[in-house]
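Below: one structure, written as structure tokens.
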Amino acid sequence: MDDWISLKLKESKKFEKGQRIARPAKLIRLLPIGYPLNNKSNVIAVSDEKLFEVYAKEQWLGTIVAKGDYLFDQRLIPDFAFKVVKTLPQGEVMITEETKIVLEKINPIYRVKTNVTFKDIIGHERVKEKCKIIMKYLKEPEKFGEWAPKNILFYGPPGTGKTMTAKALANETSSALYLIRATDLIGEYVGDASRKIHDLYKMARDTAPSIIFIDEFDAIGLDRAYQSLRGDVSEIVNALLTELDGIEENRGVVTIASTNNPTMLDRAIRSRFEEEIEFKLPNLKERYEILKHYAKKLPLRVEADLMKYARVTKGLSGRDLKEKLLKIALHKAIAKDSDKITEEHIEEALKEIKNLPSPPKEMFS
């Protein structure tokens, strides 16, 4: 036990002697709030709540707190603050070995800032053409009335630029962007899911023009045959249908849902999307342009025939080319103390890509 905890235990004994009285805490509920002294707000993710409880007690054992107080982390995330939002019993209590410490669930809905433009999106000419209507609506929503492009479905393989396109739309129309995974809308208790959805749309209306981008949409928008296995999504579906139908109420708000497999979506939900925009895997020319685009951004210069690798990477998405090929090649070069990325490094990265199709006979597809 370190000196800090020993000091806290000594202080707690003094409190027991009458200098200050605090009852043992049965429960402390904490809300992660970031760095209030620096006016910064960060979100943390805790995957193991029991482990966090052990970690918290190691720091704050013997500490006396009340609702509204702050506890500051001094180990993994120095000066990160947690606000005490509930104590049992109420009033001043002391954190002991028996105290249950729990984290308040963070609202997964947040506004995203982006500097992505359509110039950053290589290929997808058909997608860009369709997005022109959305852009015009977001710039002048009052001119469209009931003809507004309110609900759009993006579909296609992972890594083909669906999220990136939503970011470009928001940036180029100066619209607020709310990115959320569909699974984050699932609530723990009855009423949680519908409240999250209605809160999401209220925020979007308040900051219109706005884009709501729901990723992994099939997680909640499954056909009703699959929903019987997922009873927790029915509440989400009903609340979402209500908002998707709110033509006048949601003026200046565009909902974009993203899925890899549109055929699995519930018909009632899918019918609410008046436009479906397909994102395809890049062709040879696009793969070459993507490799050139990201090669310019690498911290080491690339000395390799990028067309050669565009030809043998059919079936890879733009994200695959960046993350699985160029990034790994960069890491190989750095590990070998090289001042440049060569074909040797790219070849090594290529070998690590799983399920890469064999080079096609016709390499100009």
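The values are calculated or read from the model by the stated rules, or taken from the named source; none is laboratory data. None of the values given here were measured: they were computed from a predicted structure. Counting neighbours? That spans all protein chains shown, and the Cβs are built from the backbone with ideal geometry, glycine included.
In the stretch 335-352, of all residues being surrounded by 14 or more Cβ atoms within 10 Å (Cβ to Cβ) and hydrophobic (A, V, I, L, M, F, W, C), the one that is nearest to residue 313 (Cα to Cα) corresponds to 350.
Residues in the stretch 134-143 include none that are outside any helix (DSSP H, G or I) and closer than 26 Å to residue 266 by Cα. Does any residue of the stretch 56-67 turn out to be in contact with a strand residue (DSSP E or B) (Cβ under 6 Å, 6 or more places away or on another chain), at pLDDT below 85 and assigned by TED's automatic domain parsing to the domain that holds residue 89? Scanning the stretch 56-67, I find no residue that is in contact with a strand residue (DSSP E or B) (Cβ under 6 Å, 6 or more places away or on another chain), at pLDDT below 85 and assigned by TED's automatic domain parsing to the domain that holds residue 89, so the answer is no. Flag: residue 95 matches the condition of being in contact with a Lys or Arg (Cβ under 8 Å, 6 or more places away or on another chain) and surrounded by 21 or more Cβ atoms within 10 Å (Cβ to Cβ). Only a single criterion out of (1) under 21 Å from residue 342 (Cα atoms); (2) modelled with pLDDT under 95; (3) out of contact with any strand residue (DSSP E or B) (no Cβ under 8 Å at 6 or more places or on another chain); (4) buried (at least 16 other Cβ atoms within 10 Å of the Cβ) is not satisfied by residue 239, namely (1). Can you tell me which residues in the stretch 172-194 are within 14 Å of residue 236 (Cα to Cα) and either outside the structural domain of residue 255 (by TED's automatic domain parsing) or at pLDDT 90 or above (or both)? Within the stretch 172-194, no residue meets the criteria.
Of the residues screened, residue 279 is one that is modelled with pLDDT of 95 or more and either under 24 Å from the mean Cα position of the chain (by Cα) or at positive phi (or both). Among the residues examined, residue 76 qualifies as among the aliphatic types (A, V, I, L, M), part of a loop (DSSP other than H, G, I, E, B) and farther than 21 Å from residue 250 by Cα.
Checked against the criteria, residue 298 does not count as touching a Leu at 6+ places or on another chain (Cβ under 9 Å), crowded, with 19+ Cβ neighbours inside 10 Å and not in a helix (DSSP H, G or I). Considering the stretch 144-167, the residues that are surrounded by fewer than 22 Cβ atoms within 10 Å (Cβ to Cβ) and in a helix (DSSP H, G or I) include one that is nearest to the chain's Cα centre (by Cα), namely 163. Any residue at all in the stretch 34-53 that is modelled with pLDDT of 85 or more, surrounded by fewer than 14 Cβ atoms within 10 Å (Cβ to Cβ) and either under 30 Å from residue 289 (Cα atoms) or not assigned by TED's automatic domain parsing to the domain that holds residue 195 (or both)? No, that holds for no residue. Just checking, does the stretch 101-113 include any residue being at pLDDT 90 or above and surrounded by 14 or more Cβ atoms within 10 Å (Cβ to Cβ)? Among the residues of the stretch 101-113, at least one is at pLDDT 90 or above and surrounded by 14 or more Cβ atoms within 10 Å (Cβ to Cβ), which makes the answer yes. If you go through the stretch 201-219 and keep only what is at pLDDT below 90, of a type in the set (Phe, Trp, Tyr) and under 17 Å from the mean Cα position of the chain (by Cα), you end up with just 217.
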